[in-house]
Amino acid sequence: MTEPKTTQLQPMPDDWRRALAVVAHPDDLEYGCSAAVAAWTDAGREVAYVLASRGEAGIDTLEPAECGPLREREQRASAAVVGVSVVEFLDHRDGIIEYGTALRRDIAAAIRRHRPELVITLNHRDTWGGVAWNTPDHVAVGRATLDAAGDAGNRWIFPELTEQGLDPWNGVRWVAVAGSSTPTHAVDATGGLERAVRSLLEHRTYIEALTSEDPESYVRDFLTGNAAATGERFGGKPAVAFEVFAR
Ligand SMILES: [Zn+2]
């Protein structure tokens, strides 16, 4: 028997200064994490975003050549709403991002450039829980990020990075996975929730293609509903949940 999901989530570790979020697509962080990011940047912490793709295959009615630059602009605007000014793209191909050494190397290089203590990524498991199937890009990038946290600290895995001037960084203390069906920790979303709504709304072209609902009510219902559900396991405060892997 699995234990009932009423266990309270622990507060996230807060003895860190720099976080790096690594996800597959524009909007991956805004669909749940950005209230936590707002809380962190409010507290003077540095947060940078690295996206494996530009999400160019994400809108059925837009050709990738047109879609990629548009989604990049929307991503930069949504990051700015929660105090993030560094947004980088690794240019893996949206929809067919492959787990493997090329992806691990690119993420390890990003970790060495930014030298974070906390790394954030999105659910790397096959499902979102139950039978809600995850996408292959999220699985690939989540797994590669968990692995690259170790790769970044070992000078003999990807020695070409050291030759490029990227010294090993073995300072990642936690990898926190958002969207996990088995979370362990949470961040109070009270102060950041309104900015999280505005942040997700910056992905307007994507959202308008996704739903016929009014974008603002769709976004607000989604984010406040999730934060309230997480809050049931976090002292009743709206919250963002993470599964934290300590290193
Ligand atoms: Zn995604």
Mind listing just one residue for me: the one in region 133-165 that is away from the ligand (no atom under 16 Å from the Cβ) and of a type in the set (G, A, S) and, of those, farthest from A102 (Cα to Cα)?
G165
Quick one: is T211 touching a Phe, Trp or Tyr at 6+ places or on another chain (Cβ under 9 Å) and either at pLDDT below 95 or among the acidic types (D, E) (or both)?
yes
Filter result (of a type outside the set (G, A, S) and touching a helix residue (DSSP H, G or I) at 6+ places or on another chain (Cβ under 9 Å)) within region 224-247:
T224, K237, P238, V240, F242, F245, R247
Within region 108-125, identify whether any single residue is within 16 Å of the ligand (Cβ to nearest atom), assigned to a loop (DSSP other than H, G, I, E, B), in contact (Cβ under 8 Å) with a residue 60 or more places away in the chain and not basic (K, R), and answer yes or no.
no
Confirm whether G130 is more than 16 Å from the ligand (Cβ to nearest atom) and at pLDDT below 95.
yes
Per the filter on region 143-200, residues buried (at least 18 other Cβ atoms within 10 Å of the Cβ), of a type in the set (D, E) and in a loop (DSSP other than H, G, I, E, B) are none
Can you run down the residue pairs with Cβ atoms below 6 Å, 6 or more apart or on separate chains, where the first is in region 15-35 and touching a residue at least 40 places away in the same chain (Cβ under 8 Å) and the partner is part of a strand (DSSP E or B) and of a type in the set (G, A, S)?
L20/A48; L29/A21; G32/A178; C33/A178
Among D60, D27, which is the only one that is closer than 18 Å to T135 by Cα and out of contact with any His (no Cβ under 8 Å at 6 or more places or on another chain)?
D60
Report yes if R73 is basic (K, R), away from the ligand (no atom under 14 Å from the Cβ) and touching a residue at least 24 places away in the same chain (Cβ under 8 Å), otherwise no.
no
Say we look at region 16-36 and pick out the residues that are within 13 Å of the chain's Cα centre (by Cα) and more than 16 Å from the ligand (Cβ to nearest atom); which of these is farthest from R247 (Cα to Cα)?
A35
Quick check on my filter: what residues within region 48-70 are under 24 Å from A176 (Cα atoms) and without any contact (Cβ under 8 Å) to a residue 40 or more places away in the chain?
Y49, L51
Do the conditions hold for A228, that is, is it free of Cβ contacts under 8 Å to residues at least 24 places away in the same chain, aliphatic (A, V, I, L, M) and not in a loop (DSSP other than H, G, I, E, B)?
yes
Looking only at region 42-61, filter to residues that are surrounded by fewer than 19 Cβ atoms within 10 Å (Cβ to Cβ) and away from the ligand (no atom under 16 Å from the Cβ); which one of those is modelled with the lowest pLDDT?
T61
Tell me yes or no: at least one residue of region 213-220 is closer than 23 Å to A52 by Cβ, over 18 Å from the mean Cα position of the chain (by Cα) and of a type in the set (S, T, Y).
no
Just checking, does region 99-106 include any residue being hydroxyl-bearing (S, T, Y), out of contact with any Asp or Glu (no Cβ under 8 Å at 6 or more places or on another chain) and away from the ligand (no atom under 16 Å from the Cβ)?
yes
Look at T2 and say whether it is more than 16 Å from the ligand (Cβ to nearest atom), polar (S, T, N, Q), at pLDDT below 95 and over 20 Å from G179 (Cβ atoms).
no
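The values are calculated or read from the model by the stated rules, or taken from the named source; none is laboratory data. Note that this is a predicted model, so its numbers are computed, not measured. Cβ: placed from backbone, ideal geometry, glycine included. Neighbour counts: every protein chain shown.
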